[in-house]
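Reviewing the structure listed below.
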Amino acid sequence: MRRPLLRARLAGPLAVCLAAGFVTTAVSTTTAVAAVPPGFTDTVVISGLSNPTNAAFAPDGRLFVTEKRGLVKTFDSIADTTAAVTADLRPQVQDFWDRGLLGLAVDPQYPTRPYLYVLYTHDAMPGGTAPRWGDQCPSPPGATEDGCVVTGRLSRLTIGANGVATGGEQVLLTDWCQQYPSHSIGTVAFGPDGALYVGGGDGASFNFADWGQRGNPCADPPSPAGVNLSPPDARGGALRSQSVRRPAGEPVSLDGTISRIDPDTGAAMPGNPFAGHPDPNARRVVAYGMRNQFRFAFRPGTDEIWAGDVGWNVWEEINRIPDATDGVAENFGWPCFEGTGRQSGYDGPNLALCESLYAGGGQTAPYHAYRHADRVVPGDGCPTGGSSISGIAFETDSGYPSAYDGALFFSDSSRGCIWAMQTGANGLPDPNRIVPFVTGVNIPVQVLTGPGGDLYYIALGAGELRRVSYPTGSNRAPTAVATADPTSGAAPLAVTFNGLGSSDPDAGDTLTYAWDLDGDGAHDDSTSPQPQWTYVSQQAVDVSLRVTDEDGLSDTDTVRITVGDPPSQDPVVTIDDPTTALRWAVGQTVPFSGRAGDAQDGDLPASALHWQLTLQHCTSPTNCHEHDVQSFDGVASGSFVAPDHEYPSYLDLTLTATDSDGNTGSATVRLDPRTVELTFTSSPSGAELTVGTVTGTAPFTRTLIVGSNNSIVAPTPQRLLLGLRFRFANWSDGGARSHNIVAPSAATTYRANYQLCLFTC
């Protein structure tokens, strides 16, 4: 299935999902209730972030954090509660679905070399200038139809002594053509050899097998931009992941690759596998054939890269590059392979790039793969169905129990879990020794190690950086206790807070205090154990205290302050249009309107309203995951164009209102699609036919959303009647053997006709 990594409601996964996707709204600051193994603690390090995507620790103790919208923030240390804005890249970053500022690396010699490296979606057509689309994709062309084409960009920022970027950005690379809003860029990281490594997904469709048949805007061969490609010679769409295998003289794309480059120039490092290739992109590549390797990391003490590759409908992969510096290129096979087997949506069309790979071998199998339908570990408590592998990190000097020595940690943003793959007798992570580590995470999109060797992770949905520690007899976590006097009253209300009831079980440990007094989710309002605050308007505020011990272990407590006599109330929100009676088709323009009010303010103005359109992709009636599609601020009415997606799925339209006291209320209407039953038959009967990524024996029926775009393939030759060989003749709709269909409004039968092979096929 397609799963953008950053698809969940950010009120933010793609995915990727990170599907691929691997998703541009306000973040909820509600912390997910996560569970860790006995003896471990899971605590908040930084909160109040807006759709965080990366954290990076500098050698001097500074902490840099990126937000998907294009902000880079810096904290002096993990104890710092007040961020400085290091760089504002929002004008050139497209923050849409799985696109945004997704990669960050600190120069290992920082601050001697005062550089940050950022990897983001550049809001520009290939060769163009920003901005092109803004943080949206209008229809036409439509995000999942013809696609709002953009590129990825890698830049270097020079950071001043105050933590703020100076002198603009030095662009090192602009590439990674992306037609569709997932399978975007992901990780930038330094290797132990001092080279910079950078990865990006294939930028192709997550709804159908994409070889460049929808306009070919990335100008993939063998035809120019604007000319649809067709099998067997098509080398576009997802096949960009195999572009280093294109015929001589054709351009090489960085889509679906990991590159090894000079951190000062962006040029290929010496000794790369394709060092003698005339194309500069080919010279950069050390691994390819990946769909959406959103996160990767080096195993400590080695030149091994371990990458998590977000799959399509069946598999998630962990891929291993044994030595990124040995001049040997690893080809992980996408889109010709997924997991260990052939990918039927790309196998059936007999695409030349795949057929030659099938014939000649050379595909590197995944080190480990898990099926979307299965649990990663039996009984791990994590949901199945949706999957988007979203984090890779290794244990190093953590002080964790010895069972975790050298373990590989990996996360899945769709399942909301982090696992540890413990090492085997050979010292490598052992797929037979996987244990759940953190469960119930609110969209984990990065795992990394940091101060103390502990595992840290970004919970995008909660707007937090969190830390998993293992307190020993020498140090245990503190307990936060927050009180307030008074807790309610008329405005203006002066409140005295007290955190001195907090305690630490370790005698002699000194606690530090950080308060969120204004309820914005950030503990940046006071460091006093007994602060005072005056509330001047009616509101209900959840005030939070975070206490931290000398080793960085922390705990939080919350007390609610109600200002108003009588207390202010949340707005009452009404969505007038559309109603649940609507049945939408792909590409349909859907008008919406709504209103809100409360006893204090009366009818709220349009400026108080925020709309969020979210696509819910379901693998069962009770297992759905979210993909944010579009948001609308400050309007009481408007319209949206229904997006393309595979079935089963539906849309949620949510209206949130904020009154003058800061109180919020919301309402959501579920909008189900209009579906159609399409039947696929063959003559003679029994042919294996592929619709999207699913292959079935004809006749069979598929439920599709009206107006959706779907690839269909009739593989040839096949053994049908009496075991005789038959070759494809034609489709009943007149389409080519491999072509796309738009699901009609009425039930329709598509028949693949075959002819007996009299001599040869």
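The values are calculated or read from the model by the stated rules, or taken from the named source; none is laboratory data. Every value quoted in this text rests on a predicted model; they were computed, and no experiment measured them. For neighbour counting, all protein chains shown are included, and Cβ atoms are generated from backbone atoms with ideal geometry for every residue, glycine included. Heads up: the accessible areas ignore ligands, DNA and RNA and are worked out on the full protein's heavy atoms, side chains in. Shrake-Rupley method; radii C 1.70, N 1.55, O 1.52, S 1.80 Å.
A straight line joining the Cα centroids of region 646-661 and region 217-276 runs 39 Å.
Here region 313-337 and region 715-761 have alpha carbon centers that stand 34 Å from each other. Overall dimensions of region 666-741, expressed as equivalent-ellipsoid semi-axes from the Cα gyration tensor (√(5λ), whole Å, largest first), are 32, 12, 9. When the Cα positions of W731, G339, Q178 are compared along the charge dipole of the chain, W731 comes out farthest toward the positive end, with charges on each C-beta of Lys, Arg, Asp and Glu. Using the average count of surrounding beta-carbon atoms within 10 Å as a protection proxy, the listed peptides 241-252, 480-491 rank, highest first, as 241-252, 480-491. In order along region 682-699, the phi-based Karplus estimate (6.51 cos²θ - 1.76 cosθ + 1.60, θ = phi - 60°) of 3J(HN,Hα) comes to 9, 10, x, 5, x, 5, 7, 10, 10, 10, x, 10, 9, 9, x, 8, 5, x Hz; Gly and Pro are listed as x.
Heavy atoms only, probe 1.4 angstrom, no DNA, RNA or ligands counted: give me T749, T548 ranked by accessible area, highest first.
Result, largest first: T749, T548.
The 1.4 Å probe gives accessible areas that order T614, T664, T679, largest first, as T664, T679, T614. Sort region 532-685 into rounded, prolate or oblate with this rule: let a ≥ b ≥ c be the square roots of the eigenvalues of the Cα gyration tensor; rounded if a/c is under 1.5, and if a/c is not under 1.5, prolate when a/b is larger than b/c, oblate otherwise. Oblate, because a/c is 1.5 or more while a/b does not exceed b/c.
Note on D557: accessible area approximately 50 square angstrom, rounded to 10, probe 1.4 Å, nucleic acids and ligands left out.
Is the C-alpha gyration tensor of region 486-616 telling us rounded, prolate or oblate? Criteria: a/c under 1.5 is rounded; beyond that, a/b larger than b/c is prolate, otherwise oblate.
oblate
Which of rounded, prolate or oblate describes region 134-206 when judged by the alpha-carbon gyration tensor and an a/c cut-off of 1.5? Since a/c reaches 1.5 but b/c is at least a/b, the shape of region 134-206 is classed as oblate.
How much of the accessible area of region 587-662, in percent, comes from carbon and sulfur atoms when a 1.4 Å probe is used? Before the final figure, lay out the partial values.
Numbers: 1380 of 2810 Å².
It is 49 percent, rounded to a whole number.
By a 1.4 Å probe calculation restricted to protein chains, I78 has an accessible surface near 40 Å², given to the nearest 10. Note on region 458-508 and region 171-189: Cα centroid distance 40 Å, given to the nearest whole angstrom. Remark on region 421-497: hydrodynamic radius 16.7 angstrom, per the Kirkwood mean of 1/r across alpha carbon pairs. Across region 81-95, rounded Karplus estimates of 3J(HN,Hα) from the backbone phi angles (6.51 cos²θ - 1.76 cosθ + 1.60, θ = phi - 60°) give 9, 10, 8, 9, 7, 6, 7, 10, 9, 4, x, 9, 9, 9, 9 Hz, Gly and Pro being marked x. Surface composition of region 435-503: carbon and sulfur make up 52 percent of the accessible area, probe 1.4 Å. Using the Karplus relation 6.51 cos²θ - 1.76 cosθ + 1.60 with θ = phi - 60°, the per-residue 3J(HN,Hα) values for region 102-115 come to 10, x, 8, 9, 9, 4, x, 9, 4, x, 4, 9, x, 10 Hz, with x marking Gly and Pro.
Of the peptides 81-89, 650-658, how do they stack up when ordered by the mean number of other Cβ atoms within 10 Å, highest first?
The packing order, highest mean first, is 650-658, 81-89.
Note on the chain: helix-only mean residue ellipticity at 222 nm, from DSSP H runs of 4+ residues weighted -39500 (n - 2.57) and normalised by residue number, equals -500 deg cm²/dmol. Projecting the Cα atoms of A324, T534, T562 onto the charge dipole of the chain (Cβ charges, centred on the Cα centre) puts A324 farthest toward the positive pole. What share of the DSSP beta bridges in the chain is antiparallel, in percent to the nearest 5? If I count the DSSP bridges inside the chain, around 95 percent turn out antiparallel.
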